[in-house]
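Data block below; observations after.
The values are calculated or read from the model by the stated rules, or taken from the named source; none is laboratory data. Worth saying up front: this structure is predicted, and the values here are computed from it rather than measured. Note: ideal-geometry Cβ built from the backbone for every residue, glycine included; neighbour counts use all protein chains shown. Remember, those area values only see protein heavy atoms, side chains included, never the ligands or the DNA or RNA. Shrake-Rupley method; radii C 1.70, N 1.55, O 1.52, S 1.80 Å.
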Amino acid sequence: MTTKKLYIETVGCQMNVLDSEMVVASLRKRGYELTDSTRDADTILFNTCSVRQHAEDKIYSALGRVRSEKKRDPSKIIGVMGCMAQKDQHQIFKKAPYVDLIVGPGQLQQVPDLIEKAAVEGGQHSALSLERTAGSVNKIKRSHETFDPLRDPTMRPTPFQAYLRIQIGCDKFCTYCIVPMTRGPEQGRVPGQIYDEAKILADQGCKEITLLGQTVNSYKHVDGDQTTDMTSLLELLHDIDGIERIKFVTNYPKDMTTRLLKAIHTLPKVSPYLHVPAQSGSNDVLKRMKRGYTIEDYRDMMSRINEHLPEAAVSSDFIVGFCGETEEEFQATVELVKECRFKNSFIFKYSERPGTRAAGNLVDDISDEVKKRRNNELLAVQTQISEEDNQPFIGQTVQVLVEGPSKKNDRIEKSASGLMQLTGRTHDDRIVVFEGNQRLIGEIIPIGIYECTAFTLIGTVITEEVGPTQLVGLSV
Ligand code: 5AD
Ligand code: SF4
């Protein structure tokens, strides 16, 4: 088999990172090797995102950059896959006629064959799932296939951390969101398959798995009279030797049951970290977003978290400047952030997505200037809370899964003592930076925290504890 070179660029969410891993694994089977240069590549793939306009703009400019390379070498195959491929199937070939392949996120298993077809026959090829209005639910579901058994350890966040999809699609239809259109109806994967895949990951040396779903805690799989929900799935996966941490994102507030919270509390491997996007603090905005809950429901969930899982770190997403958002409605969001004191929040300016209900029925009437101002204001409030939330860790010891060199020394600059700046995360998803030896990477080790910022805990490796508060930090 001759070796071919693949260049792949991924934007967007963890789902896309996982999809790219699968595509790379399937192409390695056909003799491909990765390259980080588009110039050297035989095939160039872009795995795309449609959640915000900005993500799409990035891809169109990346496509612009490879145009001349295709001109120079017409045998190069250029493919667009992922959410933007599904959503803009017709426009992409028009806007970038030198693209050879368009493959939706539910059809990625076809990528290797389509590349071969394009190479042999020439011409443009596409594989897309059915649109949500294109027939019976079952038919549409079948057109959005999961593509999970193939794994490629080199494409993971680290060799000991992996994503594992448990659910595809989404049925919530929040009015601003394109995901239900691009990734199709919600489907929970078969629990036995998830279990087998987790075991394979553990055998490959993964210590941490992150279960993925758009509304992951709504996970449900029905087989005859046996229903598996998120709680029972966590219990099932908890038994796997080698897996030490189980995380899951993203959660939907209405499906955060007390049963699930109690299970997270009693299962030590399950991370006490809950990412549960609130999106807005105003009931009227939530209604326009069709989020399916009120602020009172969200508060009730927070108080149940505090009661049953008090050790949890909670984070959220917010959209500012959604259609018709008044200053008063925005202030309600600020108040919610102050009240809930999230570990961190991801804040986004509303970006109208053609094909969504908001684009059809509501007016994107908040100026970009106001969106920007609200974004900055909310971020400032959250940043102060994040810093205050990290303060109590000073003087404490936390267990950290060491992920690798911190960004500051990507070049792996070692100090004279052989130490380097390392980064890792606590069980509740806080980033920790400390000095240590490279061989600590992949280990879960105790770190004594002596300083913090809003985003990071700063500490030293603990090799010996003297008394309850006095920490001796010896770098190993
Ligand atoms: N505009 C801005 N942000 C959006 N999100 C989803 N759709 C949009 C949109 N049209 C945000 C939500 C979601 C996160 C992944 O992206 O906050 O939780
Ligand atoms: Fe989009 Fe709402 Fe589904 Fe999340 S729950 S993917 S925001 S439609």
**OP:** Using a 1.4 angstrom probe on heavy atoms only, work out the carbon and sulfur share of the accessible area of region 1-90 in %.
**Re:** 47
**OP:** Would you please give the residues with an amide H less than 5 Å from that of T10, counting only those at least 5 places away or on a separate chain, with H modeled from the backbone geometry?
**Re:** N47
**OP:** Between the alpha-carbon centers of region 305-346 and region 1-66, tell me the distance in whole angstrom.
**Re:** 34
Original post:
Could you state the number of Å between the C-alpha centres of region 264-286 and region 186-250?
Top reply: 18
Original post:
Per residue of the chain, what 222 nm ellipticity follows from adding -39500 (n - 2.57) for every DSSP H run with n ≥ 4, rounded to the nearest 500?
Top reply: -10500 deg cm²/dmol
Subject >> Gyration tensor verdict on region 1-95 (Cα atoms; rounded if a/c is under 1.5, prolate if a/b is larger than b/c, oblate otherwise) >> reply: oblate
Subject >> Reciprocal mean inverse distance between Cα atoms of the chain - Kirkwood radius, Å >> reply: 24.0
Original post:
What whole-number value in Å² describes the accessible area per residue of the chain for a 1.4 Å probe?
Top reply: 44
Subject >> Per-residue ³J(HN,Hα) for region 243-255, Karplus 6.51 cos²θ - 1.76 cosθ + 1.60, θ = phi - 60°, Hz, x for Gly and Pro >> reply: 6, 10, 9, 10, 10, 8, 9, 10, 9, 10, x, 5, 9
Original post:
Quick one: which of 109-117, 167-175 comes out on top by average Cβ neighbours within 10 Å, and what's the full order, highest first?
Top reply: 167-175, 109-117
**OP:** May I have the convex hull volume per residue, in Å³, for the Cα set of region 261-300?
**Re:** 76
**OP:** Run the quick spin-label model on T463 and D300: label points 7 Å from Cα toward the beta carbon, then report their separation in nm to one decimal.
**Re:** 5.4
Original post:
What net charge is computed for the residues neighbouring D100, neighbours being all others with C-beta under 9 Å from the C-beta of D100, Lys and Arg scored +1, Asp and Glu -1?
Top reply: +2
**OP:** Go through D429, D389 and list them by solvent-accessible area, largest first, probe radius 1.4 Å.
**Re:** D389, D429
Original post:
What is the local net charge at I243, summed over the other residues whose Cβ is closer than 12 Å to its Cβ (Lys, Arg +1; Asp, Glu -1)?
Top reply: -1
**OP:** Treat region 339-411 as a sphere of radius equal to its Kirkwood radius over Cα pairs and apply Stokes-Einstein at 25 °C in a medium of 0.890 mPa s; give the translational diffusion coefficient in µm²/s, rounded to a whole number.
**Re:** 152
Original post:
Using θ = phi - 60° and the Karplus form 6.51 cos²θ - 1.76 cosθ + 1.60, what ³J(HN,Hα) does each residue of region 117-131 get, whole Hz, x for Gly and Pro?
Top reply: 4, 5, 5, 7, 9, x, x, 9, 10, 9, 9, 9, 7, 5, 6
**OP:** Starting at the first residue of region 324-337, write each ³J(HN,Hα) from the Karplus equation 6.51 cos²θ - 1.76 cosθ + 1.60 with θ = phi - 60°, in whole Hz, x for Gly and Pro.
**Re:** x, 5, 7, 4, 5, 5, 5, 4, 5, 5, 4, 5, 5, 4
Original post:
Cysteines of the chain lacking any other cysteine beta carbon under 4.7 Å?
Top reply: C13, C49, C83, C170, C206, C323, C340, C452
